[in-house]
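Below is one structure, written out as structure tokens; the observations come after it.
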Amino acid sequence: MVESWSFLDTAESNFRPLVVIELAKGTKEETIEWFTKRIVDKKADGGAQLLIKPLVTESGVENTYLVGASHLRLLLGAETVGLVKECSDNSMRTFTYSSRKTFKHFADDNHNFLTMAECQYIIKHELENLRAKNEKIIPGYPQAKLYPGKSIVRRLLTSGILVQIFPLHDREELKKLSHSWYGRVKVGYQPLDDIRCYFGETIALYFGFLEYFTFALIPMAVIGIPYYMFAWEDYDKYVMFATFNLLWSTVILEVWKRMCAILTYRWGTLLMKRQFEEPRPGFHGVLGINPVTGREEPVYSSIKRQLRIYLVSLPFVCLCLYFSLYVMMIYFDLEQWALDYHKENESNFSSLMLYVPSIIYAVVIEIMNRIYRYAAEFLTSWENHRLESSYQNHLILKVLVFNFLNCFASLFYIAFVLFDMKLLRQSLATLLITSQILNQFAESLLPYWLQKRYNRRMKKSMCSKKTDVDLSLSEQVNMEKEMGTYLGTFDDYLELFLQFGYVSLFSCVYPLAAVFAVLNNITEIYSDALKMCRVYKRPFAEPTASIGVWQLAFETMSVISVVTNCILIGMSPEVDALFPDSKMDLVLTVAFVE
């Protein structure tokens, strides 16, 4: 870098608040003074060289602070984090301040060269890289230990001194985005580039995948409607649909890889260098020397971690899987009871009772999935993984294994043990529709209703106060402080993963599965957009080049789908009639097709 950090000025007349820092009530003055000084100190002195101002309300100055940065500071920060931008020759290159004139749309007076999400990401990066120098403790809190190189923000969070850090919404931009995204019902593509500029690549890529998956389901739905209308009572005539199913489940994921690469190249994250991953905030251990960086940091024995995984976590997961199978057998007992009741009474009520066990089982599955999720998070945190990526991978593995068995074990049992295609169709329809209704209510409708109630109370409270303080900013900050925190795309991808399983595994016996999935995803796009814009705090942008481990999860489900559909084809009377003499030839043929 040709320019030195020392020439930057920490004062700027047009202060633009980008990030909010909320400290705990009663935080000691010496702690606040030390922390804010470290934020504004020059880089050469170990500071972040950012701008910070306290939030002024009617009652005075609270422990809430607004953080911003000068335009020059953000440009240098963009080089530090390795942002990739488009050059004048239409190529994508890593931004450097010295070659800034070669980038498209750059001008010294153009403060929109970096998106607001990128600016907030830079500030987050600089705050997280504020590190202790010679301090042994956080001033005012002798129990909060520090050591050279320790992230100050992470220590403040784990000590409870720092309540939260979150990026501010831009109300004007949010209003424009809301109108073009979900403000009116329309048939068309989502404004993915606008979503990316406002929320970052990770969230934009999720909505891109949701949109792509919805469009990919349309051929299945179009074929499924006439198939259901004319052949659904003859459960043996599913060979053609199963054949299309296994080809579809493979092709759509390969096409998505290309779509994903196109999007991330355009956004500059496909070529972005991976940042060195710091230890996650919850990681703990005895102080030692990192052999790679040479820095002093907590060290935890990998042998102890492996013992925790294999002697505690693995047996617990196996126990949960056994309990899930036990609940499944109770469900089949209820199904038999409902069937016997219907045979005895033969009434409209008894016909309705045939669906009750499946509905109850679908609700129980959702409850078990959510309870297990909390247990899996606790166990994975207790395993004490050093890196956030390792923590996420172990958590996803635990959750996917349980959710797969919990949601699909009964369907496999009906198809390959009971050989009851009528019951399979009924169970698949009930599980799919019930889970979609419950997820829409729990993830979107309920949070939106609760947030709307809170916003009404907050606005009444603000309007009733008479003060000369500019309430617009303080009202916005106070409202956003109380909004829920978006915990990431984990639950959203998990819902799509299970939906992909329902459609790709057994939809050949219930062709309307894709139709219900399309309808659900259309409402999901609008409800998730509403949730992001109105219910949750704005999340920090996170650059990403793909959907990560979820690509592997979907591909694994695709492989299972191919095997399942091939076996269903092999079980059909039409194919079975082609091998009247040798069943071994049938088995070998099915294996070859797989």
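The values are calculated or read from the model by the stated rules, or taken from the named source; none is laboratory data. What you see is a predicted model, and the numbers here were worked out from it, not measured in a lab. Cβ atoms come from the backbone with ideal geometry, glycine included; neighbour counts cover every protein chain shown. For accessibility, only protein heavy atoms count, side chains too; no ligands or nucleic acids. Shrake-Rupley method; radii C 1.70, N 1.55, O 1.52, S 1.80 Å.
The residue that is farthest from residue 17 (Cα to Cα), counting only those in the stretch 117-131 that are open to solvent by 10 Å² or more (accessible area, probe 1.4 Å) and in contact with a strand residue (DSSP E or B) (Cβ under 8 Å, 6 or more places away or on another chain), is 131.
Consider the stretch 145-164 and keep the residues that are under 27 Å from the mean Cα position of the chain (by Cα) and of a type in the set (Gly, Ala, Ser). The one that is surrounded by the fewest Cβ atoms within 10 Å (Cβ to Cβ) is 160.
The residue pairs whose first member lies in the stretch 505-532 and is of a type in the set (Ser, Thr, Tyr), whose second member is part of a loop (DSSP other than H, G, I, E, B), and whose beta carbons are closer than 6 Å, counting only pairs six or more residues apart or on different chains, are 526/182. In the stretch 82-105, how many residues are surrounded by fewer than 19 Cβ atoms within 10 Å (Cβ to Cβ) and touching a helix residue (DSSP H, G or I) at 6+ places or on another chain (Cβ under 9 Å)? The qualifying residues number 11.
Residues in the stretch 132-144 that are surrounded by fewer than 16 Cβ atoms within 10 Å (Cβ to Cβ) and either without any contact (Cβ under 8 Å) to a residue 12 or more places away in the chain or within 23 Å of the chain's Cα centre (by Cα) (or both): 3 in all.
Can we say residue 456 is assigned to a helix (DSSP H, G or I), modelled with pLDDT under 90, of a type in the set (D, E, K, R) and crowded, with 19+ Cβ neighbours inside 10 Å? So residue 456 fails the test. Among the numbered conditions (1) touching a Leu at 6+ places or on another chain (Cβ under 9 Å); (2) assigned to a strand (DSSP E or B); (3) modelled with pLDDT of 85 or more, the only one that residue 73 does not meet is (2).
Quick check: anything in the stretch 347-354 open to solvent by less than 40 Å² (accessible area, probe 1.4 Å), touching a Lys or Arg at 6+ places or on another chain (Cβ under 6 Å) and more than 28 Å from residue 569 (Cα to Cα)? Checked the stretch 347-354: no residue is open to solvent by less than 40 Å² (accessible area, probe 1.4 Å), touching a Lys or Arg at 6+ places or on another chain (Cβ under 6 Å) and more than 28 Å from residue 569 (Cα to Cα). Within the stretch 318-350, being at pLDDT 90 or above, hydrophobic (A, V, I, L, M, F, W, C) and in contact with a Leu (Cβ under 8 Å, 6 or more places away or on another chain) holds for 321, 325.
Just one of the numbered conditions (1) open to solvent by 50 Å² or more (accessible area, probe 1.4 Å); (2) in contact with a His (Cβ under 9 Å, 6 or more places away or on another chain) is not true of residue 370: (2). Got at least one residue in the stretch 319-328 being free of Cβ contacts under 8 Å to residues at least 12 places away in the same chain and aliphatic (A, V, I, L, M)? Within the stretch 319-328, one or more residues are free of Cβ contacts under 8 Å to residues at least 12 places away in the same chain and aliphatic (A, V, I, L, M). For first residues located in the stretch 220-231 and assigned by the TED database to the domain that holds residue 502 and aromatic (Phe, Trp, Tyr), partners that are open to solvent by less than 50 Å² (accessible area, probe 1.4 Å) and not in a helix (DSSP H, G or I) and lie 6+ apart or on another chain with Cβ distances below 6 Å form the pairs 227/511; 228/511; 228/512. Scanning the stretch 375-421 for residues that are under 16 Å from the mean Cα position of the chain (by Cα) and among the aromatic types (Phe, Trp, Tyr) gives a single hit, 391.
On the basis of being in contact (Cβ under 8 Å) with a residue 24 or more places away in the chain, touching an Asp or Glu at 6+ places or on another chain (Cβ under 7 Å) and outside any strand (DSSP E or B), does residue 210 make the cut? Don't jump to the end; show me each part of the working.
Numbers: in contact (Cβ under 8 Å) with a residue 24 or more places away in the chain: yes; touching an Asp or Glu at 6+ places or on another chain (Cβ under 7 Å): yes; outside any strand (DSSP E or B): yes.
Yes: the conditions hold for residue 210.
Scanning the stretch 528-561 for residues that are open to solvent by 20 Å² or more (accessible area, probe 1.4 Å) and part of a helix (DSSP H, G or I) returns 530, 534, 549, 551, 552, 555, 556, 559, 560. For the residues 66, 51, the requirement of being modelled with pLDDT of 90 or more, in contact with an Asp or Glu (Cβ under 7 Å, 6 or more places away or on another chain), open to solvent by less than 30 Å² (accessible area, probe 1.4 Å) and of a type outside the set (S, T, N, Q) singles out 51. When the stretch 345-380 is limited to residues that are outside any helix (DSSP H, G or I) and of a type outside the set (A, V, I, L, M, F, W, C), the one that is nearest to residue 308 (Cα to Cα) turns out to be 355. Which of the residues belonging to the stretch 181-196 are touching a residue at least 60 places away in the same chain (Cβ under 8 Å), assigned to a helix (DSSP H, G or I) and buried (at least 20 other Cβ atoms within 10 Å of the Cβ)? Selection gives 181, 196.
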